[in-house]
1. If amide hydrogens are placed 1.01 Å from N in the peptide plane, which non-local residues have theirs closer than 5 Å to the one on ARG185?
2. List the relative contact order of segment 8-57 as a percent without decimals, with contacts defined as Cα pairs under 8 Å and 6+ residues apart.
3. Quick one: what do you get for segment 8-57 if you divide its Cα Rg by 2.2 N^0.38 Å?
4. Please turn the phi angles of segment 71-80 into ³J(HN,Hα) values with the Karplus equation 6.51 cos²θ - 1.76 cosθ + 1.60 (θ = phi - 60°), one per residue in order, whole Hz, x for glycine and proline.
5. Under 5 Å between amide H atoms, partner at least 5 residues away or on a different chain: which partners does VAL149 have, H built in plane at 1.01 Å?
6. Taking H as built 1.01 Å from N, whose amide H comes closer than 5 Å to the amide H of ALA221, not counting residues under 5 places away?
7. For segment 188-197, in order, what is each residue's ³J(HN,Hα) by Karplus, 6.51 cos²θ - 1.76 cosθ + 1.60 with θ = phi - 60°, in whole Hz (x at glycine and Pro)?
8. Taking θ = phi - 60°, what integer Hz values does the Karplus form 6.51 cos²θ - 1.76 cosθ + 1.60 yield along segment 267-277, in sequence order, with x for Gly and Pro?
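We did not get these values from a lab; they are worked out from the coordinates using the rules stated. Model, not experiment: these values are computed from the prediction.
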Amino acid sequence: MSSKVSPPSKITIADVAALAGVSRAIASRALSPEDRPVSAEKKARVLAAAEQLGFKPNLIARSLKSRTLNLVAVIVNHIHDFSDLVLFDRLIAAIQDTGKQVVLLRVGSLDRVEEFLRNGVAWHVDAALVFSDFADAASVRTMFRNDRVIMLNGLHDQNAPSIVADEATPIAAAVAHAKARGKTRAVLVTGRQTSPVEQARIAAYRAAFSALGLQLLAEHAGDYSYESGRALSSDVLAEGPEAAIFTTADAMAMGVVDAGRATIASRAGDWAFYGFDALPLARSEAYPISSISYDLDQFIGKVLEFLTTPGLFEDGAGVITIPGNFMPHPSCGGPAAFERWPAEG
């Protein structure tokens, strides 16, 4: 056997097979991500040869035979706030740890879904994860010609599993927390109200306010972003510290607080801010914001169960609920939390 190694760009599976002393067919089976028949001893030799040569399988060529690229489509509206970064960084890393890669599609609007359908999608994927509320399961199945679709946007489909977080329970806990602080009035800052997830959150807040006797003074619509919180700050803070301020995104709460430092400083009192997503920065000493979250590890774990066990898709659709949590800020707000902040200006 020659000791000469081909340049990395020219290494083929035939080189790996020759170095391992096996046929190309056995080398192919040993390097397959699927469980294919090959002895443990030969597989070890092939893997060692591949590592020595620096061989990387050609996923495109493999797909011509297996009809899969080990790709997972993740369909989003956009990625523009802090919670998106936290979620997708961890989710993509977890998917890659299974040996799959991610195709990220930013839809942004209903027109983009229709554009994808008209033009077709160039990728063959093992499954599609739908976060965008502009995309329904039937459209996604058509886009990818694949029935393995997981709905993560609050839209339910009888032929696709749906993973959602229980948000009503922690929302009620947050409102009860505000009432225990003596609040009898509330202001609500919402995100995009066309979203099914957001509609459910708004309904849960209104139900909790009604059940616990807090008067909802005003609702203001943002878009989950820090910038929208800043833009709404003066209106949101107009009721003063007597009203608890609830937002459906930590980023919006942070924007309200940052733009309203002068108001907060001039109207001393027990300011109470409540957000969503439990971002580390929002829960730091700089932002005394209580928040609502869910077990992200459990959420990602459920997604991975479907990706690594495709047979689960055949067991029928259902709704999987991840428990939510209310997380009061350690400082619980209060005047002292804001005393060290200079007003912007």
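1. Amide H neighbours of ARG185: GLN215, ALA244.
2. It rounds to 45 percent for segment 8-57.
3. Details: Rg = 9.6 Å, N = 50, 2.2 N^0.38 = 9.7 Å.
Cα-based Rg divided by the globular estimate yields 0.99.
4. 10, 10, 8, 10, 10, 10, 6, 5, 10, 9
5. Amide H neighbours of VAL149, under 5 Å, 5+ apart: ALA128.
6. Residues meeting the criterion, in which the H sits 1.01 Å from N, are THR190.
7. These are the phi-based 3J(HN,Hα) values: 10, 10, 10, x, 5, 7, 7, 6, x, 5 Hz.
8. Values, residue by residue: 10, 4, x, 8, 5, 10, 10, 10, x, 8, 3 Hz.
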